[in-house]
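Colleague: Sending over a structure as structure tokens; questions will come in a sec.
The values are calculated or read from the model by the stated rules, or taken from the named source; none is laboratory data. Everything numeric here is computed off the predicted structure, so don't read it as measured data. Neighbour counts run over all protein chains shown; Cβ positions are idealised from the backbone, glycine included. For the accessible areas, the whole protein counts, side chains as well, though only heavy atoms, and no ligand, DNA or RNA atoms are used. Shrake-Rupley method; radii C 1.70, N 1.55, O 1.52, S 1.80 Å.
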Amino acid sequence: MPIYVAIRNQPDPVLEGGDVFARNAALALAIATLAACNVAAAQTANQPPDTMAARVEACTPCHGNKGEGTSDVYFPRLAGKPAGYLYNQLLAFKNGRRKYPPMNYLLEFLTDPYLQQMADYFADQHPALPPVVASDASQEVLQRGQSLVTRGDPQRQIPACGSCHGPALTGMEPGIPGLLGLRPNYISAQLGAWRYGTRTAKAPDCMQQVAARLTEEDVTAVAAWLANHPAPVMNAPAPKGTYVLPFACGSEPE
Amino acid sequence: MPSRSPILVLLLWSLFAGSAAEAQQKAGPTSDNIVARGEYLARAGDCIACHTAPEGRTFAGGRAMPTPFGTLYSSNITPDRETGIGKWTAEDFYKAMHTGRFPDGGLMYPAMPFASYTKVTRADSEAIFAYLKSIPPVNQRNREHDLRFPYSNRQLILGWRTLYFNEGEFKPDPTKSAEWNRGAYLVEGLGHCGMCHSPINALGGTAQSDAFKGGLIPMQNWYAPSLTSNREAGLGDWSIQDISDLLQTGVSQRGVVYGPMAEVVHNSLQYLSDEDTRAMAVYLKGISEPSPPPPASSVLPTTESSLLISLGKTVYDKNCASCHGAQGEGKPPHWPPLANNQSIEMQSAVNPIRMVLNGGYPPGTKGNPMPYGMPPFAGLLSDNEVAAVVSYIRTAWGNRGTPVSARDANELRSAPLN
């Protein structure tokens, strides 16, 4: 507080003789402060809650009150996904790289720091995971799905999902999402979009490379098995750097 | 003495804070630095909105601009000598702004708002040019326009220019204040507000007598309300503070901007100085005209209207009242009031219907960095319920709008979102 020191060290005749002025000023300040408090209280009562929950209400019709998802099978759960992954998606929607007009429209004129706050908010939510709905896929399809998810297909250069998304498939901070607790329609729609190049990510676009090697039957099988597989109780994404990725990925900087 | 010092510190601190804020404002438009001034003016002209593609390099162009005549691609205005404006002179740039012609005399399509920029002074044009010359050059070739026959023939622009283009710098009105004239200069010139807020006819032009009378923005299906009629976005009964807040932060006690206007506030208006914002507010308030009588009542039969409105109240109380209030009072500025809100009552119901269907966020701005969003109801409400709730908010609480039909709501479900 250099100003404070300066005042104390230089007794100023005007200031010394200014007791009355100072008292009046103090009184005026006190009154002004009280008045300001009253106005602030009145304004708070008449204002929306100053919370992220109130600010992201626009997200809730499609993603649920706490990002738990809704009955619409194409709208994903957001809660508990790694904040870096959610932020990358918000940026991609804002910039039009990920194309879904209702999302592009909502985010187009928001700032990047605000999108980061939104991502942090949903990453911090932990509503219960939905119960797994019994799959109507055949045992054969589910087995094929399990095989691709857990072992991949080395002959076709398809890595196991778990080699990036984690041994428990719960993802890794900051950028790799978990794969459990999602519905089959959403998973197959996204894998399809990666395959056809309508969903892309920063280069090297590892998901695009992997999905391009999948057939339509692979996609159906993977989606069916993932959706049918219950998430572990400890389903938080693994901390950054827990395991080494098999190849470089633009979404998960080393 | 020690008890008194904190008060002095406080007083001194507020003096300091005051002068720092003043200095910051002065550094804006009045600065001697021509490049800084040009940057400020380029913001006022919102050049970036068209001349930068999503995820693209700043001012390198290439943004697709759909028009009723085909798709135009904006041009590279970085100082790259091969693909940008690196070989242009200040005179070339002024000629482009002022006359809508390339240095070789070729005609620009009027998507470039030269009909507004023609009003920009030579000094301001030179400052913008100095700024553009100072940014990093980007080597990126312009993409060919993709226009349908016969619009691909540039000679047609000559006809358009004869009908709708009046070349000439802004002429101050000596009967008005300096502030009003500054506002007029910004609104009519760099701000190019008339590009959206004037009705556009089938030839893509605006008759001068229709300036700022409002119109549906082609291809976007948002209604840009009249800036002169108080039945629309005329600001005759708004306070200067509320108008300034809306322009600078995107939210105000009277209403909030969404859609294409959110773009303008986000990219351009939030950067204008308090003085320039206030000047625009003074001018905009000044051009509002006495309101014409309300339009004839709804085309819907009375029985259908009253059924809609009673269903609308049910929908409203369930879905909307928690934010917008039982009496449409809202919690401004973040949850806008619907009662006595001109944008709800306008003859065109396009904007309120779109807001119910798609929701929206006001723009993120320095003054409002964490805006509150309106949820989209397209997936939750049927056409009939959308029509009902929009009819309700247009007619409740003394609002003087008219009911809308389920068909009106349905048609906007397919409206483009970006």
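Colleague: Given a 1.4 Å probe and heavy atoms of the protein chains only, how would you sort B:TRP180, B:TRP222, largest accessible area at the top?
Modeller: B:TRP180, B:TRP222
Colleague: For region B:403-418, state which residues have at least 20 Å² less accessible area in the presence of all protein chains than in their chain by itself, taking the probe as 1.4 Å and leaving out ligands, DNA and RNA.
Modeller: SASA drop of 20 Å² or more in region B:403-418: B:LEU417, B:ASN418.
Colleague: Extending each Cα 7 Å along its Cβ direction at B:MET65 and B:ILE48, get the distance between those two points in nm, one decimal.
Modeller: Placing both labels 7 Å along Cα→Cβ, they lie 1.8 nm apart.
Colleague: In the protein assembly as shown, what percent of the accessible surface is made up of carbon and sulfur (1.4 Å probe, ligands and nucleic acids excluded)?
Modeller: 59 percent
Colleague: Working with all protein chains in place, sort A:HIS229, B:HIS51 by solvent-accessible area computed with a 1.4 Å probe, largest first.
Modeller: Largest to smallest exposure gives the sequence A:HIS229, B:HIS51.
Colleague: Could I ask something else about it? If you split all Cα-Cα distances of region A:132-243 into 10 Å bins from zero, what percentages do you get per bin, shortest first?
Modeller: 15, 48, 34, 4
Colleague: Roughly how much accessible area, to the nearest 100 Å², goes out of reach of solvent when A and B pair up, both sides summed, probe 1.4 Å?
Modeller: 3700 Å²
Colleague: Counting only Cα atoms, I'd like the Rg/Rh figure for chain B, Kirkwood definition for Rh.
Modeller: Answer for chain B: 1.00.
Colleague: Could you tell me what fraction of 2.2 N^0.38 Å the Cα radius of gyration of the protein assembly as shown comes to, as a two-decimal ratio?
Modeller: Normalised Cα radius of gyration, the protein assembly as shown: 1.10.
Colleague: Decide, for region A:123-164, between rounded, prolate and oblate: order the square roots of the alpha carbon gyration tensor eigenvalues as a ≥ b ≥ c, take rounded if a/c falls under 1.5, and otherwise choose prolate if a/b is larger than b/c, else oblate.
Modeller: Here region A:123-164 falls in the oblate category.
Colleague: At 1.4 Å probe radius, can you tell me the per residue accessible area of the protein assembly as shown in Å²?
Modeller: So the protein assembly as shown comes to 49 Å² accessible per residue, rounded to a whole number.
Colleague: Could you name every residue in region A:51-93 that has 30 Å² or more less accessible surface in the full protein assembly than in its own chain alone (probe 1.4 Å, ligands and nucleic acids excluded)?
Modeller: Flagged in region A:51-93: A:ARG55, A:GLU57, A:ALA58, A:PRO61.
Colleague: In whole Å and largest first, what semi-axes does the C-alpha gyration tensor of region B:162-291 yield when each eigenvalue is scaled by 5 and square-rooted?
Modeller: 21, 19, 14
Colleague: Leaving ligands, DNA and RNA out of it, work out the accessible area of B:LYS213 with a 1.4 Å probe and give it in Å² to the nearest 10.
Modeller: So the heavy atoms of B:LYS213 present about 80 Å² to solvent.
Colleague: Using a Cα-Cα cut-off of under 17 Å, which lysines could be cross-linked to A:LYS81, ignoring same-chain neighbours fewer than 8 residues away?
Modeller: Answer for A:LYS81, where 17 Å is the Cα cut-off: A:LYS66, A:LYS240, listed by chain and number.
Colleague: Report the local net charge at B:LEU216: Lys and Arg +1, Asp and Glu -1, summed over other residues whose C-beta lies under 15 Å from its C-beta.
Modeller: -2
Colleague: Subtracting the Cα-Cα distance from 0.36 nm times the residue separation, let me have the gained length for B:GLU275 to B:ARG148 in nm, one decimal.
Modeller: Length gained between B:GLU275 and B:ARG148: 41.3 nm.
Colleague: Scan around A:MET172 for amide H atoms under 5 Å from its own, H built in the peptide plane at 1.01 Å from N, and keep only partners 5 or more places away or cross-chain.
Modeller: A:ALA238
Colleague: Rank these by accessible area, largest first, 1.4 Å probe: A:ASP153, B:ASP408.
Modeller: B:ASP408, A:ASP153
Colleague: Oh, and also: Once both labels are modelled 7 Å past Cα along the beta-carbon direction, what's the B:LEU380-A:HIS126 spacing in nm?
Modeller: That separation, rounded to one decimal, is 2.8 nm.
Colleague: Moving to a separate point now. Within straight cross-link reach of B:LYS176, meaning Cα distance under 21 Å, which lysines are found once same-chain residues fewer than 8 apart are removed?
Modeller: The reachable lysines, counting only those whose Cα sits under 21 Å from B:LYS176, are B:LYS119, B:LYS285.
Colleague: Which residues does a label at B:GLU411 reach in region B:304-324, if reach means a backbone N under 19 Å from a point 7 Å past the Cα toward the Cβ?
Modeller: From region B:304-324, the list is B:305.
Colleague: Assuming 1.002 mPa s and 20 °C, estimate D for region B:293-418 with Stokes-Einstein, Rh taken as the Kirkwood radius over Cα pairs, in µm²/s.
Modeller: For these conditions, the coefficient is 145 µm²/s.
Colleague: Below 12 angstrom from the Cβ of A:GLY181, what's the summed charge of the other residues (Lys, Arg +1; Asp, Glu -1)?
Modeller: Overall, the nearby charge balance is +2.
Colleague: To the nearest 0.05, what FRET efficiency results for A:THR215 and A:SER138 with a Förster distance of 22 Å applied to their C-beta separation?
Modeller: The value I calculate is 0.85.
Colleague: Describe numerically, in nm with one decimal, the distance between label points set 7 Å from Cα along Cα→Cβ at B:LEU216 and at B:SER310.
Modeller: It works out to 3.2 nm between the two label points.
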